[in-house]
Amino acid sequence: RSKRPAGAPDRKLARPVTKVGVVGAGLMAGQLALLFARQLKVPVVLTDIDQARVNKGVNYVHAEVDKLLARKRISADAANRTKALVSGSVSKEAFADADFVIEAVFEELNVKKQVFAELEAVVSEDCILATNTSSLSVTAMAADLKHPERLVGFHFFNPVAVMPLLEIVRAPHTDDAVLATAFDLARTLKKTGVLVKDAAAFVVNRILLRLMGEVTAAFDEGTPADVADTALKPMGLPMTPFTLLAMVGLPVAQHVQESLHAAFGDRFPVSANLHKLIDNGVKGLWEEGPDGSRSIPESTLSL
Ligand code: 3HC
């Protein structure tokens, strides 16, 4: 019998999850849809604001499944089954019979609150709502819900398929059955669920951002991104800082920096250049070549 994770309620309270909804069809949402379909083996529906985004999300999942198949990580049967489980819709009505809906939309409190208000109008009484927020307050997200007891923080890390940790966040009203279901889902998804306090950026991003804050401060002072990355390469990090920033996405990184700065002040600087890069529409610091190699675009270096 495996040990109950610290703070997790009795597993017997966990409710079955037979259909999952994912709000947003961006990179994080696509990774979540793939994980749920592959490991939980239940129908997963993705929604976004228009059909093009929805198609992109579903196509991403199909392409990732094809990659797994090509690398013989899954059987042809499992690949077909996983693809068939994932569908998309522009309407949140598609969540009417879902038991668990997770949002992975833009990191802005009001956007997330709006999503949850819309969800409460369509989901069933027992449907659990989850947020994959990187740094925002789950308590604040629950504040205007009709049923705040159904909201839980469920925070994954990039790349979702391989990062083992899952931060589970209890808001003041989160029901024990909801929390027990979150821990049960974590097990089924083969993730290590840990209960973390609802504090700015929770635990992992808070620690990680102390390093990233210094890296981006050096960048702001004129150290080019490739110099910082080359300098840190022999330090044993699984991924150099700017590669990690590019993978996570600059807007997300900036939101995490801002949340931590708001909570803890100068210990967590907000990079002026990340802001500029985002304003200039630069989504990632690295450009990927056809052979998978990565290089830093000129525009990034000549700020
Ligand atoms: N998607 C799916 N699978 C991936 C992947 C991706 N993007 N990148 C790598 N993998 C898989 C590979 O296919 C391989 O799987 P296999 O063993 O079945 O073949 C496995 O991961 C190992 O990959 P590699 O051998 O190619 O490369 P590495 O040994 O360098 O590991 C890594 C890759 C696990 C991504 C490693 O570089 C790493 O741990 N990087 C740090 C990631 C990190 O810190 N993430 C947290 C970011 S913060 C965050 O996400 C929070 C958010 O709120 C901002």
| In this structure, is F154 away from the ligand (no atom under 16 Å from the Cβ), farther than 28 Å from A228 by Cβ and either crowded, with 18+ Cβ neighbours inside 10 Å or touching a residue at least 24 places away in the same chain (Cβ under 8 Å) (or both)? | no
| query | Among the residues of the range 64-82, is there at least one that is away from the ligand (no atom under 16 Å from the Cβ), surrounded by 13 or more Cβ atoms within 10 Å (Cβ to Cβ), part of a helix (DSSP H, G or I) and polar (S, T, N, Q)? | reply | yes
| field | Residue tally, condition buried (at least 19 other Cβ atoms within 10 Å of the Cβ), at pLDDT 85 or above and over 24 Å from L165 (Cα atoms), over the range 216-255 | value | 2
| Matching residues in the range 20-41 - criterion: being under 23 Å from P251 (Cα atoms) and among the β-branched types (V, I, T) | V22, V23
| message | For the range 135-151: of the residues being closer than 12 Å to E103 by Cβ and in contact (Cβ under 8 Å) with a residue 60 or more places away in the chain, which is farthest from the ligand (Cβ to nearest atom)? | response | V138
| query | Here are some conditions: (1) more than 30 Å from R38 (Cβ to Cβ); (2) assigned by TED's automatic domain parsing to the domain that holds L165; (3) β-branched (V, I, T). T223 meets all but one. Which one does it not meet? | reply | (2)
| note | Of (1) of a type in the set (S, T, N, Q); (2) within 15 Å of the ligand (Cβ to nearest atom); (3) in contact (Cβ under 8 Å) with a residue 24 or more places away in the chain, S91 fails just (2)
| request: May I ask you to list the residues in the range 159-175 that are more than 16 Å from the ligand (Cβ to nearest atom) and either under 25 Å from M247 (Cβ atoms) or without any contact (Cβ under 8 Å) to a residue 40 or more places away in the chain (or both)? | output: A171, P172, H173, T174, D175
| Single condition V178 does not satisfy, out of (1) away from the ligand (no atom under 16 Å from the Cβ); (2) under 15 Å from the mean Cα position of the chain (by Cα) | (2)
| Just checking, how many residues over the range 214-247 are under 23 Å from E258 (Cβ atoms) and either basic (K, R) or in contact (Cβ under 8 Å) with a residue 60 or more places away in the chain (or both)? | 2
| said: Tell me whether the range 102-121 contains one or more residues that are touching an Asp or Glu at 6+ places or on another chain (Cβ under 6 Å), assigned to a strand (DSSP E or B), modelled with pLDDT of 95 or more and within 16 Å of the ligand (Cβ to nearest atom). | reply: no
| request: Could you list all residues from the range 23-79 that are free of Cβ contacts under 8 Å to residues at least 12 places away in the same chain and of a type in the set (D, E)? | output: D77
| request: Quick one: which residue in A161, A186, A180, A199 is surrounded by 18 or more Cβ atoms within 10 Å (Cβ to Cβ), out of contact with any strand residue (DSSP E or B) (no Cβ under 8 Å at 6 or more places or on another chain) and at pLDDT 95 or above? | output: A180
| With A29, A25, A96, A33 as the choices, which residue is more than 25 Å from V162 (Cα to Cα), small (G, A, S) and either in contact with a helix residue (DSSP H, G or I) (Cβ under 7 Å, 6 or more places away or on another chain) or modelled with pLDDT under 95 (or both)? | A96
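The values are calculated or read from the model by the stated rules, or taken from the named source; none is laboratory data. All values reported here derive from a predicted model rather than from experimental measurement. Positions of Cβ are generated from backbone atoms using ideal geometry, with glycine treated the same way; all protein chains shown enter the neighbour counts.
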